[in-house]
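Here the structure comes first, spelled out in structure tokens, and everything after it is commentary.
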Protein chains: 2
Amino acid sequence: MAEPDVTPDRIMQVGMGFWASKTLLSAVELGLFTELAKGPLSLADLTERLRLHPRSARDFLDALVALDMLTRAGERYANAPETDLFLDKAKPSYVGGILEMANARLYRFWGSLTEALRTGRQQNESKTGEDFFGALYANPARLESFLKAMTGLSLGAARAIAAKFPWQEYRTFVDIGAAQGGVAVEIALAHEHLTGGGMDLPVVQPIFESYVRTKGLAGRLRFHPGDFFKDELPHADVLIMGHILHDWNLEEKKRLLEKALRALPSGGALIVHEAIIDDARSQNVFGLLMSLNMLIETPGGFDFTGGDCIGWMREVGFARTRVEPLVGPDSMVVGIK
Amino acid sequence: MAEPDVTPDRIMQVGMGFWASKTLLSAVELGLFTELAKGPLSLADLTERLRLHPRSARDFLDALVALDMLTRAGERYANAPETDLFLDKAKPSYVGGILEMANARLYRFWGSLTEALRTGRQQNESKTGEDFFGALYANPARLESFLKAMTGLSLGAARAIAAKFPWQEYRTFVDIGAAQGGVAVEIALAHEHLTGGGMDLPVVQPIFESYVRTKGLAGRLRFHPGDFFKDELPHADVLIMGHILHDWNLEEKKRLLEKALRALPSGGALIVHEAIIDDARSQNVFGLLMSLNMLIETPGGFDFTGGDCIGWMREVGFARTRVEPLVGPDSMVVGIK
């Protein structure tokens, strides 16, 4: 019946992939990795500290061992190197905020993917009148923890931008939609001659300024409060937009590119970086799935290829353009005025 | 901040794995692979035939290309070899029934994994008084399609059991919980000297008999209607229990093993096969996650290691035991009376 070399294994692995995914998301929700970052623990101790039920604790922990998220030596469980660095809330490198958000929101909303595919309509709180981001922005502690997660996640891309872009040709830069300032800080740390800053909604200002201060960069990086649709962008030699354009529809994307062009001097550069889809649209799984996430999350947002972005940049008036890979699924598209 | 060689990539890939998973599940729900099995189609044709929205169709299809579930040549999408064989409803090798079930039920129930971990309680229809399996068993067409999916899924293990077990030493066998008869058929096809059959609930009888007839085995395989907890098991040289034991709690597991022992002649064999967890409980991801699925789905079920199963077999009175790997995550545990 079946060809001997064609098996349903990969289909089953992807199709049932939500099992592994939800197991890790629940581990983050329960604070497992934060607890183990203090030191290895036995099954009995972990069961008690995380208030797990004895029926489920061992399978849960051993599944995470098999997924290489934990290790087990003798009777004691410990974090794997990655989870110790990135999923311990006490470390600045914590990226669990995005997984907490996925666990609390996206997992459920993606359950309505078929409806989104049929209707083209978003499937998040907007359907029921809840307002996740409104609530997030109203709670400074939660907002800071969320923006911190963004910093952890964009660290690799930030360092690649610091290394690959010819910063020696420029003196000033502003990161548009800067959040905590993760990208701006990495660039400023790598290039002492630069001054710059970040633009974001006013509510973000204390979070940005506190992070920049802890990095000793308060003298070189300043915050520009504003709404990038309502306000003009700050002037600088280089403007950066990371994971911004994909949130918006085509007309809005072009409007943001035009605003960037207006704010740049002749010869200035715009760096657009996110999970840029490969031009053949057949390789960057994460970028393509992120675009479906924009379907779930926004009225008109979508991810795009390097070719798409270059086309829009040319259309609004950028003189030269190029695409460069950064790390993992991320690339940057550079437009020169 | 981060060690250069430790990245959050794998954490993000597993944590956001529900994106790829749900995308494939929605594709099965929409009948995409069944449609493309008839021939390649353009984006426009697929959008119309699956009633997709233009905003979402292209990202959805291209994400499936990047996941190697589809191919795209020029403007036309086609099935990958695996999806053409295993996800086309018109082929007997279709395994999509299990993914349809995962999409309609499990994805949602796994959303309550944290509650299951905290309480040790199942999280399926039992919480709301729905009865999925009752409804399934009441609808012969749906039941047949579901049991067909089980056959497709167990085909690899069935062939491995047919090849690896010393069938020349035995004359008769019965598969307990036989469903459509997939395992019994593969064994009978491979070993002409054997006669046997399958035991399952009476409602399964016409589905079993029809499948066995299409395979030309009606003279050698017969159906034994019964409930393996209420009724004694049929006598045979070899009894088989595939994906049965994990549904039940420890006391029930041992009761089924005792019943098998009673039904076997001296020297007879019981073959237990499923996603047997490795003895170190650190490798078989699928088996460990399947055990969490038993937490979601059953009041007391759990998966187990080869060592666990051997211990129970010895305890109820089997004389000799051994574990042998089959295919993928599956192994068989053999007990000799």
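The values are calculated or read from the model by the stated rules, or taken from the named source; none is laboratory data. Note that the structure is predicted; figures quoted are calculated from it, not measured. Cβ coordinates were reconstructed from backbone atoms using ideal geometry, including for glycine residues, and neighbour counts include every protein chain displayed. When the accessible area is computed, the model is the full protein with side chains, heavy atoms only, and any ligands, DNA or RNA have been set aside. Shrake-Rupley method; radii C 1.70, N 1.55, O 1.52, S 1.80 Å.
Yes/no per residue for (1) among the hydroxyl-bearing types (S, T, Y); (2) modelled with pLDDT of 95 or more; (3) in contact with a Leu (Cβ under 9 Å, 6 or more places away or on another chain):
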| site | (1), (2), (3) |
| --- | --- |
| B:A73 | no, no, no |
| B:G111 | no, yes, no |
| B:T114 | yes, yes, yes |
| B:E125 | no, no, no |
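Could you tell me whether region A:285-292 includes any residue that is among the β-branched types (V, I, T), within 12 Å of chain B (Cβ to nearest Cβ) and in contact (Cβ under 8 Å) with a residue 24 or more places away in the chain? Yes, region A:285-292 contains at least one residue that is among the β-branched types (V, I, T), within 12 Å of chain B (Cβ to nearest Cβ) and in contact (Cβ under 8 Å) with a residue 24 or more places away in the chain. Within 9 Å of chain B (Cβ to nearest Cβ), modelled with pLDDT of 95 or more and open to solvent by 10 Å² or more (accessible area, probe 1.4 Å): is that true of A:D9 in this structure? So A:D9 does not fit the description; no.
Would you be able to say whether some residue in region A:106-117 is more than 7 Å from every other protein chain (Cβ to nearest Cβ), over 19 Å from B:N284 (Cα atoms), assigned to a loop (DSSP other than H, G, I, E, B) and among the polar types (S, T, N, Q)? Yes, region A:106-117 contains at least one residue that is more than 7 Å from every other protein chain (Cβ to nearest Cβ), over 19 Å from B:N284 (Cα atoms), assigned to a loop (DSSP other than H, G, I, E, B) and among the polar types (S, T, N, Q).
Results for (1) of a type in the set (D, E); (2) modelled with pLDDT of 95 or more; (3) open to solvent by 60 Å² or more (accessible area, probe 1.4 Å); (4) part of a helix (DSSP H, G or I), shown as yes or no for each residue.
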position	(1), (2), (3), (4)
B:F208	no, yes, no, yes
B:V212	no, yes, no, yes
B:L217	no, yes, no, no
B:K230	no, yes, yes, no
B:L233	no, yes, no, no
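Given the structure, is B:G300 away from every other protein chain (no Cβ under 11 Å) and of a type outside the set (F, W, Y)? Answer is no for this residue. Among residues of region A:85-106 that are closer than 18 Å to A:A141 by Cβ, those with a Cβ under 7 angstrom from a residue that is acidic (D, E) and assigned to a helix (DSSP H, G or I), sequence gap 6+ or separate chain, pair up as A:E100/A:E29. Taking the conditions (1) buried (at least 20 other Cβ atoms within 10 Å of the Cβ); (2) away from chain B (no Cβ under 14 Å) in turn, A:Q123 satisfies each one other than (2).
The number of residues in region B:238-248 that are outside any strand (DSSP E or B) and open to solvent by less than 40 Å² (accessible area, probe 1.4 Å) comes to 3.
Annotation note: Cβ proximity below 7 Å between a residue of region B:137-154 that is away from every other protein chain (no Cβ under 14 Å) and a residue that is outside any helix (DSSP H, G or I) (sequence gap 6+ or interchain) occurs for B:L147/B:A179; B:L147/B:Q180. Would you be able to say whether some residue in region A:156-176 is under 30 Å from B:L113 (Cβ atoms) and open to solvent by 10 Å² or more (accessible area, probe 1.4 Å)? Checking region A:156-176: at least one residue is under 30 Å from B:L113 (Cβ atoms) and open to solvent by 10 Å² or more (accessible area, probe 1.4 Å). For the structure I just gave you, tell me whether A:D88 is acidic (D, E), open to solvent by less than 30 Å² (accessible area, probe 1.4 Å) and part of a loop (DSSP other than H, G, I, E, B). Spelling it out, A:D88 is indeed acidic (D, E), open to solvent by less than 30 Å² (accessible area, probe 1.4 Å) and part of a loop (DSSP other than H, G, I, E, B). Just a yes or no: is a residue in region A:255-271 open to solvent by 40 Å² or more (accessible area, probe 1.4 Å), assigned to a loop (DSSP other than H, G, I, E, B) and among the hydrophobic types (A, V, I, L, M, F, W, C)? Checked against the condition, which is being open to solvent by 40 Å² or more (accessible area, probe 1.4 Å), assigned to a loop (DSSP other than H, G, I, E, B) and among the hydrophobic types (A, V, I, L, M, F, W, C), region A:255-271 yields no hits at all. Of all residues in region A:58-77, those satisfying the criterion of being within 7 Å of chain B (Cβ to nearest Cβ), closer than 11 Å to B:R281 by Cβ and open to solvent by less than 10 Å² (accessible area, probe 1.4 Å) are A:D62, A:A63. With respect to A:R322, determine if the residue is under 21 Å from A:A160 (Cα atoms), open to solvent by 50 Å² or more (accessible area, probe 1.4 Å) and of a type in the set (K, R). When the stated conditions are applied, A:R322 passes them. Residues that are within 10 Å of chain B (Cβ to nearest Cβ), under 18 Å from the mean Cα position of the chain (by Cα) and not small (G, A, S) within region A:78-93 comprise A:E82, A:T83, A:L85, A:F86, A:L87, A:K91, A:P92, listed in sequence order.
On the stretch given as region A:18-39, residues that are farther than 22 Å from B:F18 by Cα, of a type outside the set (S, T, Y) and open to solvent by less than 60 Å² (accessible area, probe 1.4 Å) total 4. State whether the residues of region B:299-318 include one that is touching a residue at least 12 places away in the same chain (Cβ under 8 Å), open to solvent by 10 Å² or more (accessible area, probe 1.4 Å) and farther than 27 Å from A:D62 by Cβ. Yes; the residues of region B:299-318 include at least one that is touching a residue at least 12 places away in the same chain (Cβ under 8 Å), open to solvent by 10 Å² or more (accessible area, probe 1.4 Å) and farther than 27 Å from A:D62 by Cβ.
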